[in-house]
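Enquirer: A single structure is presented below for examination.
The values are calculated or read from the model by the stated rules, or taken from the named source; none is laboratory data. Remember, it's a predicted structure, so these values are computed and weren't measured experimentally. Counting neighbours? That spans all protein chains shown, and the Cβs are built from the backbone with ideal geometry, glycine included.
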Amino acid sequence: MNEIAPFIQSLVLVPFTLLPIINPLSTAPVFVATAGRNRSVTKRLARQVALNAFYVMAVSMLVGTYVLEFFGISLPIVRVGGGLLVAATGWRMLNRKDNDDAALTAVAEQAVDLPDAEIVRRSFFPITFPLTTGPGTITAAIALGASTPRTPLLYMVGAVVSLAGAALTALVLYVVFRNAARLLDRLGEVGTLVMMRLIAFILLCIGIEIMWEGWAALNHLKR
């Protein structure tokens, strides 16, 4: 049991670390605006976003550290670049005009069954990246993966645990996104609009915060 306990802790640690950073409720308005009110489209898009998020988290945890080392990219650089992307997304959402929101909602309301290729295209940008699994999530996933033992047997066990934790996180995302429309219905039109603008401002602040942390880390490395 003493040997298994660390892996059980790692399994629980993955969703408890990543979900507060992901905060899927903050992406719910964008998801509903993309999927519309069609239940079939909502279910398929939620499943695809969850799968996309799982792939991003799994790759970040298992090979993220090695990829950064191969290209000579440090985590502070990832934070700066990712922070810029999140801030730009938040700025676009914050400056979206009311008639743009109305047009987007009208198109979403008329959504019909979409082909799989269109579901995949809509699911990745910006819902999966950077709104769901953005630079903060990727950085945290890489940090979790860096703690995996390097001995072959323990690495295999640790990789399985990491994948299981990523799967649990993706399952939570699927449940939240599939029921996002119900949440927004309770908020109402005005509440949804206020939530969209508030989330846009928060995204802008998060992007600046991530970028600032990366910049501070780079300055610390130069000293």
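Enquirer: Looking at segment 52-99 only, could you name the residues that are under 15 Å from T132 (Cα atoms), modelled with pLDDT of 80 or more and among the hydroxyl-bearing types (S, T, Y)?
Expert: Those that are under 15 Å from T132 (Cα atoms), modelled with pLDDT of 80 or more and among the hydroxyl-bearing types (S, T, Y): Y55, S60.
Let's see how each residue does on (1) farther than 18 Å from T128 by Cα; (2) β-branched (V, I, T):
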{"position": "T169", "(1), (2)": "no, yes"}
{"position": "N179", "(1), (2)": "no, no"}
{"position": "R182", "(1), (2)": "yes, no"}
{"position": "V190", "(1), (2)": "yes, yes"}
{"position": "L193", "(1), (2)": "yes, no"}
{"position": "L204", "(1), (2)": "no, no"}
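Enquirer: Ok, one more. Applying the selection to segment 129-164, what residues are part of a helix (DSSP H, G or I), surrounded by fewer than 23 Cβ atoms within 10 Å (Cβ to Cβ) and among the β-branched types (V, I, T)?
Expert: If the condition is that a residue be part of a helix (DSSP H, G or I), surrounded by fewer than 23 Cβ atoms within 10 Å (Cβ to Cβ) and among the β-branched types (V, I, T), then T139, I142, V157, V160, V161 are the ones that fit.
Enquirer: In addition: Among the listed residues G207, G188, which satisfies the condition of being among the small types (G, A, S), crowded, with 20+ Cβ neighbours inside 10 Å and either more than 24 Å from R39 (Cβ to Cβ) or more than 22 Å from the chain's Cα centre (by Cα) (or both)?
Expert: Checking each option against the conditions leaves just G207.
Enquirer: Given the residues A170, A146, which is the only one that is more than 20 Å from E69 (Cα to Cα) and of a type in the set (A, V, I, L, M, F, W, C)?
Expert: After applying the criteria, what remains is A170.
Enquirer: Oh, and also: Tell me whether segment 58-65 contains one or more residues that are over 30 Å from L218 (Cα atoms), in contact with a helix residue (DSSP H, G or I) (Cβ under 8 Å, 6 or more places away or on another chain) and hydrophobic (A, V, I, L, M, F, W, C).
Expert: Checked segment 58-65: no residue is over 30 Å from L218 (Cα atoms), in contact with a helix residue (DSSP H, G or I) (Cβ under 8 Å, 6 or more places away or on another chain) and hydrophobic (A, V, I, L, M, F, W, C).
Enquirer: Moving on to the next point. Mind checking which helices (runs of 4 or more DSSP H) fall wholly inside segment 1-85 and carry at least 3 residues that are in contact with a Gly (Cβ under 8 Å, 6 or more places away or on another chain) and of a type in the set (S, T, N, Q)?
Expert: Here the list reads 39-71.
Enquirer: Moving on to the next point. Can you find even one residue in segment 176-186 that is at pLDDT 80 or above and either closer than 18 Å to I21 by Cβ or among the aromatic types (F, W, Y) (or both)?
Expert: Within segment 176-186 (the criterion being at pLDDT 80 or above and either closer than 18 Å to I21 by Cβ or among the aromatic types (F, W, Y) (or both)), the answer is yes, since at least one residue qualifies.
Enquirer: Which condition breaks for R37 when tested against (1) modelled with pLDDT of 85 or more; (2) charged (D, E, K, R); (3) surrounded by fewer than 18 Cβ atoms within 10 Å (Cβ to Cβ)?
Expert: (1)
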